[in-house]
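Working notes for the structure below.
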Amino acid sequence: MKEIQDVVNSGNYEMAEILLQEYVNSGKYNDTAAVLDAAIREYCGDREGMWNAIHKGLRYNCRNYELYIMLGNY
């Protein structure tokens, strides 16, 4: 997860997407992954994907404030 965060922070969204998909395909998804997923979707202009990521993240942890920030950006 840290590697994905570092890649997103560096602005390399294409690589972040690849790493996130590998992470998700390994059966892992949580609220932190949802924040990263939403950030990547926001950058790509994929509003439906952004909404889906936020929705899944809030269902996992409704107390994650970062997801509410992402919801505000949405």
**Asked** Does residue 47 meet the test of being in contact (Cβ under 8 Å) with a residue 12 or more places away in the chain, of a type in the set (Lys, Arg), surrounded by 12 or more Cβ atoms within 10 Å (Cβ to Cβ) and in contact with a Lys or Arg (Cβ under 8 Å, 6 or more places away or on another chain)?
**Response** no
**Request:** Mind listing just one residue for me: the one in region 61-74 that is open to solvent by 20 Å² or more (accessible area, probe 1.4 Å) and either outside any helix (DSSP H, G or I) or within 17 Å of residue 14 (Cα to Cα) (or both) and, of those, modelled with the lowest pLDDT?
**Result:** 74
**Request:** Filter region 29-44 for residues that are under 8 Å from the mean Cα position of the chain (by Cα) and open to solvent by 40 Å² or more (accessible area, probe 1.4 Å) and give the result.
**Result:** 32
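Every residue, every condition in (1) loosely packed, with under 12 Cβ neighbours inside 10 Å; (2) assigned to a helix (DSSP H, G or I), yes or no:
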| position | (1), (2) |
| --- | --- |
| 4 | no, yes |
| 17 | no, yes |
| 23 | no, yes |
| 27 | yes, no |
| 53 | no, yes |
| 59 | yes, yes |
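The values are calculated or read from the model by the stated rules, or taken from the named source; none is laboratory data. None of these values were measured; they are calculated from a predicted model. All Cβ positions, glycine included, derive from the backbone under ideal geometry; neighbour counts span all protein chains shown. Ligands, DNA and RNA are excluded from the accessible area calculation, which covers all protein heavy atoms including side chains. Shrake-Rupley method; radii C 1.70, N 1.55, O 1.52, S 1.80 Å.
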